[in-house]
Amino acid sequence: MPQSSAPSTLQSEMVIPDCCNIGVMSRALLAVNGAVLVVIVVHGAGLPAFLNAAVLAEPACLGSLLVLCGLRRIARTVMPWGQRVLCALVPAAITAGLIRFVLSGPVLQSDLSMLTMTEGMWVAAGFGMLLQHYFELRTRAFSPALSEARLQALQARIRPHFLFNSLNAVISLIRSEPHKAETTLEDLADLFRVLMRDARDVTSLEAEIRLCRQYLSIEKVRLGERLQVQWKAVNISDKLLRKAQVPSLLLQPILENAVHYGVEPAREPVLIEIALTRRSDRIEIVVINAMPDLAWSETPGKVGNHMALQNIRERLALLYDVEAKLTTTVKNGRFEVHLHFPYVRGN
């Protein structure tokens, strides 16, 4: 247990932005190019001057992002102040190298010869510090505190009815099927152990799926043949399941909604389909269930469903920025939840 908790502690101290993330890269490039454009406009220069400046700004920014992306894993053991220094030193060093070996060429020397290596290093270091500070503040602004509060409110609503229903189902099995009752109680204990965990924790995809199977097994005892489940996996190996890191309680709340709104109101058996697919460096999870009424629509009257999906969206945005998304659709009387997120490998 201590070994599994250590990564979370180190991760919480990481202040270097995730420069491998497309959202971070896009914002950094826009900020740098925007600043260059403002300087060009203030000095009354035209488009050629901006293009010449981009010859330095673009490679310096991209190079710094790529280097910091590689350093981020190594820097997990570095103190936060040291990480902030790296965010200044890396752009300064790359900019100095570009000025020395690129701008010294005969083609570009005349246009950008006014910029000395020292000036370029100070400007790059300043940009690095400003962008690091912006992304650090942004991470704090999108802190999971609000999401955790919503998650706890959701769990407070879910736990009583789920707990009472599950215990009643177990009581009915104690005499007729004592072994099954014992297994169900063990699954219930595991589920609530995870529910009480920090919402910021990450887990393996294998552990999340195992938790979902335990949850569905508990509901199967209560709902019987009305609950039908089908799992599909495409290009998903056992190694990927062990290595892929996902937010804790990513899939289970979606399945709980599928059971609550799709299976419980129905009198006939209802199939819940869960499909997992890996495409290149991305993972897609699709959950499909019948929709006996409009309970699944994300309207203000259906607070439980809305809170669960919105909470997952917020945590995905916090962890993956624009590289992850949750979408919902209704097709042929069936409700579909689509999850897309990067394949992040654990240690």
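Bear in mind these aren't lab numbers, they're just calculated from the coordinates by the rules spelled out. All figures in this text were calculated on a predicted structure; none of them were measured in a lab. Heads up, the Cβs are rebuilt from the backbone with ideal geometry, glycines too, and the neighbour counts pull from every protein chain shown.
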Q: Report, in whole Å, the centroid distance computed from the Cα atoms of the stretch 39-104 and the stretch 308-347.
A: 33
**Q.** Whole-number percent relative contact order across the stretch 15-84, with pairs defined as alpha carbons under 8 Å at least 6 apart
**A.** 50
Q. Over 28 Å between Cα atoms, which of 180/239; 243/325; 220/331; 180/331; 220/325; 180/325 qualify?
A. 180/239; 180/331; 220/325; 180/325
Q: Place a label point 7 angstrom from the Cα of residue 343 along the Cα-to-Cβ direction, then list the residues of the stretch 273-294 whose backbone nitrogen is under 19 Å away.
A: 275-286
Q: Give me the distance in nm between label points sitting 7 Å out from Cα along the Cα-to-Cβ direction at residue 238 and residue 119, one decimal.
A: 6.3
Q) Simple spin-label model, 7 Å along Cα-to-Cβ: residue 182 to residue 280 in nm? A) 5.1
